[in-house]
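Q: The structure is given below, and queries will be raised subsequently.
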Amino acid sequence: MSSTPETAPGPAGPDHVGTGPTVEIPVPTGEVRLLAGIQRRLLAVPGSREAAVTLSHVGEHALGWMAISAVGVVADPARRSRWAMVGVGSFGAHATSVVIKRVVRRRRPDHPTVAVGVGTPSSLSFPSSHATSTTAFALLAGAVSGVPVAPALVPVMLASRLVLGVHYPSDVFAGAAVGAGCAALTRAVWPTDPVQRLLPESLRDGAPGPRTTPTPEENR
């Protein structure tokens, strides 16, 4: 991640005239330089750091997305099975990202030009679990509700991980791609007999309850 180091003089003072130690500051290259530039511009937007921290907490371990799905199960009984699908798909996407992280084992950004704005549960970076679970949730929730959740939510979450300096750009884009794949897989397997048999009867497709017309997104 570094090339020719820059040197910074040691502390000045009577005992350090011309003899103080030097501190090597690695020159940012590649994605470190790109991340530092993006972060600097995003942090110039008022409130961006605070909003990013809030999103970080909401998306941690996909807990916020599963909570919203649970609310949908309770508040929208006509589509409780589909809201359960949203929650399962969001958690499944998060779990998938964790498995990939442990295989790839890419370390998080660690450079003086990148400010880290939030704590993380692990030091592994690729792909971004927040980007993965958020993309899966947004696509699945949009399909169930008919509201275009993904265009409004996914770019903001991806940007927030760069604002906080905990992921490289390739981490968040890869996470979004994995999340989209997980969402598509979830929608494909959810109606199948093996999956339906695993579910409690109340969460199966066609379970007794108020009926609604499927949204255009669900029919796709």
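Q: Could you work out the equivalent-ellipsoid semi-axes for the range 152-205, taking the square root of 5 times each eigenvalue of the Cα gyration tensor, largest first, in whole Å?
A: One finds semi-axes of 33, 11, 9 Å for the range 152-205.
Q: In addition: For Thr29, what residues show an amide H to amide H distance below 5 Å, using hydrogens built from the backbone and excluding near sequence neighbours?
A: none
Q: Right, something else. What ratio of Cα Rg to 2.2 N^0.38 Å holds for the range 73-160?
A: Dividing the Cα radius of gyration by 2.2 N^0.38 Å gives 1.28.
Q: Let me ask something else about it. Quick check: convex hull over the Cα atoms of the range 76-220, volume per residue in Å³, rounded to an integer?
A: Normalising the Cα hull of the range 76-220 by residue number yields 115 Å³.
Q: Out of the trypsin sites (Lys or Arg not before Pro) in the range 70-105, which ones are loop residues according to DSSP with at most 11 other C-beta atoms within 10 Å?
A: Arg105
A short reminder: the numbers here are calculations on the coordinates, not readings from a lab. Since the structure is predicted, the reported quantities are computational estimates derived from the model, not experimental observations. Backbone-built Cβ (ideal geometry, glycine too); neighbour counts: all protein chains shown.
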